[in-house]
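Asks: I'd like to ask some things about the structure below.
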Amino acid sequence: MGCGAGAVLRSLHDSLSEPTLSGFDISPDAIRLASPKASPRLSFAVGDLFALGARFDVVIALDVFEHVEDCFEFLRDLRSVATHKVLHIPLEMSVLGVLRHLPERSREAVGHLHFFTKDTAFALLSDTGYEVVDWHYTSRSVDLPRSYRSWLALGPRRALHAIAPDWAPRLLGGFSVMVLAH
């Protein structure tokens, strides 16, 4: 759900031989970018997955519900679409992020309406009926720093994450959380 240009689904398609994969996005532009990646086992469509009434084994929503005005309703509705959900949630609420006005910039640049710490994200999942089965931090800022600011924070982020994994996202930011839930 919210497949964007389809790179993640194409990667899954190329590494898994059995499943049929379907990508949905409300943006026609995203589906135009994704369509060349289609195959007999991989399809892309413009549309609202909830309106289809279809059910899947797994739904993947990477960086999606922070864009949705009513994220509570969205997550409750998502429960009926699949048994298992894989969610990637940006953790933009950090001390450094607030000092650098990251939530405001993120809202303007990419349309995020909601901002989370790991604890507030997990509370939202619990409030909407999810059980977190497994999770781990991801960090593009640590793994693939793109800006000089990310490079400057790389050492402190890595060091603090090694010592106190939950404190690095809270203080320095630059992390997301990948969640398997049902």
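Asks: Quick test of your reading of the structure: Arg76 fulfils all but one of (1) under 20 Å from Ile60 (Cβ atoms); (2) at pLDDT below 95; (3) among the basic types (Lys, Arg). Name the failing condition by number.
Replies: (2)
Asks: Now a separate question. Within the range 100-108, is there a residue that is touching a residue at least 60 places away in the same chain (Cβ under 8 Å), under 17 Å from Gly174 (Cβ atoms) and of a type outside the set (Lys, Arg)?
Replies: yes
Asks: Would you pick out the residues in the range 23-59 that are among the polar types (S, T, N, Q) and at pLDDT 95 or above?
Replies: Within the range 23-59, Ser35, Ser39, Ser43 qualify.
Asks: Please give the number of the condition Leu154 fails out of (1) within 14 Å of the chain's Cα centre (by Cα); (2) free of Cβ contacts under 8 Å to residues at least 40 places away in the same chain.
Replies: For Leu154, the exception is condition (1).
Asks: OK, next. Does the range 95-138 hold any residues that are assigned to a loop (DSSP other than H, G, I, E, B), farther than 21 Å from Gly2 by Cβ and not β-branched (Val, Ile, Thr), and which are they?
Replies: Arg100, His101, Glu131
Asks: Quick one: which strands (runs of 3 or more DSSP E) sit completely within the range 26-94 and have at least 2 residues that are touching a residue at least 40 places away in the same chain (Cβ under 8 Å), of a type outside the set (S, T, N, Q) and surrounded by 15 or more Cβ atoms within 10 Å (Cβ to Cβ)? Outline the logic, then answer.
Replies: Details: elements: 42-46, 56-62, 82-91.
Counting at least 2 such residues, we get 56-62, 82-91.
Asks: Still on this model: Is there a residue being modelled with pLDDT under 95 and on the phi < 0 side of the Ramachandran plot anywhere in the range 127-135?
Replies: no
The values are calculated or read from the model by the stated rules, or taken from the named source; none is laboratory data. Just so it is clear, the model here is predicted, and its values are computed rather than measured. In this analysis, Cβ positions are derived from the backbone assuming ideal geometry, glycine residues included, and neighbour counts consider all displayed protein chains.
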